[in-house]
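The values are calculated or read from the model by the stated rules, or taken from the named source; none is laboratory data. As the structure is a prediction and not an experimental result, all values here were calculated from the model. Backbone-built Cβ (ideal geometry, glycine too); neighbour counts: all protein chains shown.
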Amino acid sequence: MANELCANPPIMTQPPPPFSRSLARILFRIAVILALAYGAHLLMDWVLTRMMDLPHGMHSVMLTSVLLLVLVAYALLIAIPFVPGVEIGLSLLLLQGPPIAPLVYLASVAGLMIAYFAGRLLPPEWIRRTLLDLRLVRAAALIDQIGALPPQDRLSLLSDKLPRRLGPHLVRWRYLMLAALINLPGTMVIGGGGGICMIAGLSRLFAPAATVFTFFMAVLPVPFGIWFFGIGLLP
């Protein structure tokens, strides 16, 4: 049955809504995105300012509290698509040195987890409606088709949609590919760590337990290396 679905995907017959309604919803979404982007900008400015004010070596309760607030804000920033959260983490490591590496590591993993589970919580109906508003009818039909399939059949469908030679390998090693994308320089142009993890959640093709384990392993090398070998490890 799954093979038949993959070979002959059903095309959704539901037409897009009236243009005026679609335009109103699109403008509302743009306003929300702009508000979130402005909020992320303010939060990033706050984090960078507090980072520059933090002295090396945290001893007082007040300074420790500020540092924890910075780490929480950093975790939220790294979860937001297209925000250079990794650079902020590296700046924290440079300014505070090896002692802060475990906290930066945990905050980085927490941020990626927030993005992933946010993607999983977005209802497919919301995604389908957005695609219909944009007149992407075939993409909306694919969302309906994927939503009706069990996880294993979704993987088969994805494998069939990818290039024949690469499809099965990319699906089989998708967790390694996710870890590589998180660490690959320049991925901010495709959403950064937060955007990549949110898409992984949206796809429903990455099991929660295996994905969380992937995050812990993917983020580990740099903080672990700095914690044991010092800040000289960074270029």
Suppose we filter segment 1-48 for residues that are surrounded by 11 or more Cβ atoms within 10 Å (Cβ to Cβ), part of a loop (DSSP other than H, G, I, E, B) and either modelled with pLDDT under 70 or in contact with a strand residue (DSSP E or B) (Cβ under 6 Å, 6 or more places away or on another chain) (or both); how many remain?
5
Take the residues of segment 195-210 that are on the phi < 0 side of the Ramachandran plot and at pLDDT below 85: which is surrounded by the most Cβ atoms within 10 Å (Cβ to Cβ)?
Gly195
Is it the case that segment 197-219 has a residue that's β-branched (Val, Ile, Thr) and more than 20 Å from the chain's Cα centre (by Cα)?
no
Given the conditions (1) surrounded by fewer than 16 Cβ atoms within 10 Å (Cβ to Cβ); (2) within 23 Å of Ala40 (Cα to Cα), report the number of the one that Gly111 does not fulfil.
(1)
Suppose we filter Gly119, Gly85 for residues that are buried (at least 18 other Cβ atoms within 10 Å of the Cβ), within 20 Å of Thr187 (Cα to Cα), modelled with pLDDT of 80 or more and not hydroxyl-bearing (Ser, Thr, Tyr); which single one remains?
Gly119
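Every residue, every condition in (1) at pLDDT below 70; (2) within 17 Å of Gly201 (Cα to Cα); (3) touching a strand residue (DSSP E or B) at 6+ places or on another chain (Cβ under 9 Å); (4) among the hydrophobic types (A, V, I, L, M, F, W, C), yes or no:
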site	(1), (2), (3), (4)
Glu125	no, yes, no, no
Arg129	no, no, no, no
Asp133	no, no, no, no
Asp144	no, yes, no, no
Ala148	yes, yes, no, yes
Pro151	yes, yes, no, no
Leu158	yes, yes, no, yes
Leu166	yes, no, no, yes
Flagged pairs (Cβ under 8 angstrom, 6 or more apart or on separate chains; first in segment 176-188, closer than 12 Å to Phe206 by Cβ; second modelled with pLDDT of 85 or more and of a type in the set (Lys, Arg)) are none
